[in-house]
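Student: Got a structure for you, questions after.
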Amino acid sequence: MKPDKKQIFTYHTDSFYSTGNTILILGIGNYLMGDEGVGVHFIRNLDVSLFPENISFIDGGTGGFTLIPYIESHKTVILVDATMDGKETGTISLLKPKFSKDFPLSLSGHNFGLKDMVEILTMMDKMPEIYLFTITIEKMTPMELELSPKVKEAIPLVTEKVLDLVKKINTRKINFV
């Protein structure tokens with residue numbers, strides 16, 4: 001007989017980590033690696049007044065496992081991160097990953113933690129609905145704080161796309177292919 005997961009893991013949404021919000025917008029990346037830190041730049045330059053009040057915004061940096069309480073305490077998580085997927089630099093893609101294998105290839109240590117986090121949340125049956133916006137980069141540049149021009153130009157565009165997705169989520173008019 002298979003044990004009931006609720007008997008193994010008891011969990012209650014923690015209002016400290018969600019501040020009562022249902023959506024988390026999370027920028028991740030290494031700020032010290034040039035374009036690889038685009039998710040952090042996105043969050044730091046975001047005009048949060050454009051968004052509804054039911055949203056938490058976090059600069060996740062390279063937080064890895066320490067982000068688990070924040071992710072599991074929201075019903076929906078929108079991630080913004082860099083990827084080296086071979087597309088033109090600055091290309092924005094939207095993925096709806098459900099398992100760690102659905103995430104793009106690792107860029108730096110934070111993705112290892114992110115994939116492991118997804119496995120843990122799935123195992124604990126605490127996986128929220130996740131949307132991942134990736135911005136294509138050409139390379140990581142150690143000890144570089146600035147973004148390349150094409151990646152920097154993508155930030156306002158990804159902001160528009162995230163805002164549009166939030167509106168669709170709040171009205172549940174999502175047509176994801």
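Student: Is there a residue being surrounded by 22 or more Cβ atoms within 10 Å (Cβ to Cβ), in contact with a Leu (Cβ under 7 Å, 6 or more places away or on another chain) and closer than 27 Å to LYS167 by Cα anywhere in the range 97-113?
Tutor: Checked the range 97-113: no residue is surrounded by 22 or more Cβ atoms within 10 Å (Cβ to Cβ), in contact with a Leu (Cβ under 7 Å, 6 or more places away or on another chain) and closer than 27 Å to LYS167 by Cα.
Quick grid of which residues meet (1) on the phi < 0 side of the Ramachandran plot; (2) at pLDDT 85 or above:
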| position | (1), (2) |
| --- | --- |
| LYS5 | yes, no |
| GLY20 | no, yes |
| ILE28 | yes, yes |
| GLU53 | yes, yes |
| PHE57 | yes, yes |
| GLY60 | yes, yes |
| PRO69 | yes, yes |
| HIS74 | yes, yes |
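Student: Determine whether ASN45 is touching a residue at least 60 places away in the same chain (Cβ under 8 Å), polar (S, T, N, Q) and either within 13 Å of VAL158 (Cβ to Cβ) or touching a His at 6+ places or on another chain (Cβ under 7 Å) (or both).
Tutor: Working: touching a residue at least 60 places away in the same chain (Cβ under 8 Å): yes; polar (S, T, N, Q): yes; either within 13 Å of VAL158 (Cβ to Cβ) or touching a His at 6+ places or on another chain (Cβ under 7 Å) (or both): yes.
When the stated conditions are applied, ASN45 passes them.
Student: Still on this model: Restricting to the range 124-157, give me the number of residues that are of a type in the set (Val, Ile, Thr) and in contact with a helix residue (DSSP H, G or I) (Cβ under 6 Å, 6 or more places away or on another chain). Can you show your working first?
Tutor: Step one: list which residues in the range 124-157 are of a type in the set (Val, Ile, Thr), which gives 130, 134-137, 141, 151, 155.
Cutting the leftovers down to in contact with a helix residue (DSSP H, G or I) (Cβ under 6 Å, 6 or more places away or on another chain) gives us 135, 137, 141, 151, 155.
Total meeting the criteria: 5.
Student: Keeping to the range 59-71, report how many residues are surrounded by fewer than 21 Cβ atoms within 10 Å (Cβ to Cβ) and closer than 18 Å to ILE120 by Cβ.
Tutor: At the first step, the residues of the range 59-71 found to be surrounded by fewer than 21 Cβ atoms within 10 Å (Cβ to Cβ) are 59, 61, 63-66, 68-70.
Checking the rest, the ones that are also closer than 18 Å to ILE120 by Cβ come to 63-66, 68-70.
Residues flagged as surrounded by fewer than 21 Cβ atoms within 10 Å (Cβ to Cβ) and closer than 18 Å to ILE120 by Cβ within the range 59-71 amount to 7.
Student: Return yes when PRO142 is part of a loop (DSSP other than H, G, I, E, B), modelled with pLDDT under 95 and under 13 Å from the mean Cα position of the chain (by Cα) and no when it is not.
Tutor: Details: part of a loop (DSSP other than H, G, I, E, B): yes; modelled with pLDDT under 95: yes; under 13 Å from the mean Cα position of the chain (by Cα): no.
So PRO142 does not fit the description; no.
Student: In the range 49-105, what residues are over 14 Å from TYR131 (Cα atoms), within 11 Å of the chain's Cα centre (by Cα) and among the charged types (D, E, K, R)?
Tutor: ASP59
Student: Contact list please: Cβ distance under 7 Å, first residue in the range 85-98 and farther than 19 Å from ASP35 by Cα, second residue surrounded by fewer than 16 Cβ atoms within 10 Å (Cβ to Cβ) and not charged (D, E, K, R), pairs at least six apart or on different chains.
Tutor: Within 7 Å, the pairs are LYS96/PHE176.
The values are calculated or read from the model by the stated rules, or taken from the named source; none is laboratory data. Quick caveat: nothing in here was measured; it's all calculated off a predicted structure. Cβ atoms come from the backbone with ideal geometry, glycine included; neighbour counts cover every protein chain shown.
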